[in-house]
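Everything on this sheet refers to the single structure shown next.
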Amino acid sequence: MMGSRALGEVTISQIVPRPGARHKARGLGRPGTSKPVAAWILPGLVMAALLVAATALSPGAFAQGGAQPPATSSPAPAPADGSPAASRAAEDLPALVPLTGNSGDAEDVMLPEKPAAVLRGGESTWDDGFKNLTESFARIQDALAKAGLKPAGRPLAVFLSADDTHFRFEAMVPLAAPFPGGGEIAPGITAGVTPSGRALRFVHKAPYDEIDTTYEAITAYLDSKNMVAKDAFIEEYSSRTMDPDDPDLEINVYVQPK
């Protein structure tokens, strides 16, 4: 699978990396410890990225009812086609910052603080990463539906730390307005806010198996600019498709400079 596209000053060569190269491509190479994400970068690099393993999903995966947090109970059956939850998943929900349509450039953006439903304490193995992230999004959406609330933005994953086998994250879904009264929306899901402030946005628009090349380019771009990133980073998942083999799969990666 060949081809290339520009990311800022860096060209992404779209060659699916060998599985053993994925952790190396994202700066993970120190066994036995758990550190903030940016601390895994090799000397001279300033950003680390985390692997979420591609698992086949339906386009309505966001809205599958009863999905549970990682490493707990198994999810309930997905809603039938045409159900309110499935319809919500098909909506083209807005990004945190309006998209320009140019997937080749690193964009300097200002993330607005938005109210959100937040699932904290997420943890996953690399192999189950994408599955557990999407199940976390589904659990939040199910809780919002039961509370009579609608998502007002694309699901987000904030990656906090990692080691050779696991990573820690928070999952969140933006809301149009703060949850009345704040506090807990459902067991394990609380009212919160999305990350805010200056960020660089990099757009991955390709099958999921090619995301490693995007992260390699992000790391090289930041290094070329001598930029130091915050420890956490953000992925924003498009609601238009969640098929990992779709060439139009879109994931926005936000990196916040220190």
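Is there a residue being at pLDDT below 90, of a type in the set (V, I, T) and outside any loop (DSSP other than H, G, I, E, B) anywhere in segment 128-149? So far as segment 128-149 goes, yes, one or more of its residues are at pLDDT below 90, of a type in the set (V, I, T) and outside any loop (DSSP other than H, G, I, E, B). Under the condition of being among the small types (G, A, S) and at pLDDT 90 or above, the residues counted in segment 216-243 number 2. Quick check: anything in segment 188-198 in a strand (DSSP E or B), within 23 Å of M242 (Cα to Cα) and small (G, A, S)? There is no residue in segment 188-198 that is in a strand (DSSP E or B), within 23 Å of M242 (Cα to Cα) and small (G, A, S).
Within segment 150-164, the residues that satisfy the criterion of being part of a loop (DSSP other than H, G, I, E, B) and at pLDDT 90 or above are K150, A152, G153, R154, P155.
Among the residues of segment 148-164, those that are surrounded by 14 or more Cβ atoms within 10 Å (Cβ to Cβ) and free of Cβ contacts under 8 Å to residues at least 60 places away in the same chain comprise L149, A152. Among the residues of segment 195-205, some residue qualifies, meaning at least one is over 30 Å from P178 (Cβ atoms) and either buried (at least 19 other Cβ atoms within 10 Å of the Cβ) or touching a residue at least 24 places away in the same chain (Cβ under 8 Å) (or both).
Only one of the numbered conditions (1) closer than 16 Å to V118 by Cα; (2) in contact (Cβ under 8 Å) with a residue 24 or more places away in the chain is violated by L249, and that is (1). Of all residues in segment 221-230, those satisfying the criterion of being over 20 Å from the mean Cα position of the chain (by Cα) and of a type outside the set (K, R) are D223, S224, N226, M227, V228. Comparison of A177, A220, A229, A199 shows that the only residue that is out of contact with any helix residue (DSSP H, G or I) (no Cβ under 7 Å at 6 or more places or on another chain) and over 27 Å from R139 (Cβ atoms) is A220. Checking each residue in segment 215-251 for being more than 19 Å from F159 (Cβ to Cβ), touching a Lys or Arg at 6+ places or on another chain (Cβ under 7 Å) and surrounded by 16 or more Cβ atoms within 10 Å (Cβ to Cβ) picks out only S239.
Within segment 213-230, being more than 20 Å from I251 (Cβ to Cβ), in a loop (DSSP other than H, G, I, E, B) and not β-branched (V, I, T) holds for K225, N226, M227.
The values are calculated or read from the model by the stated rules, or taken from the named source; none is laboratory data. If you're wondering where the values come from, they're calculated on a predicted model, not measured in any experiment. When we count neighbours, we look across all protein chains shown, and the Cβ atoms used for this are built from the backbone with ideal geometry, even at glycine.
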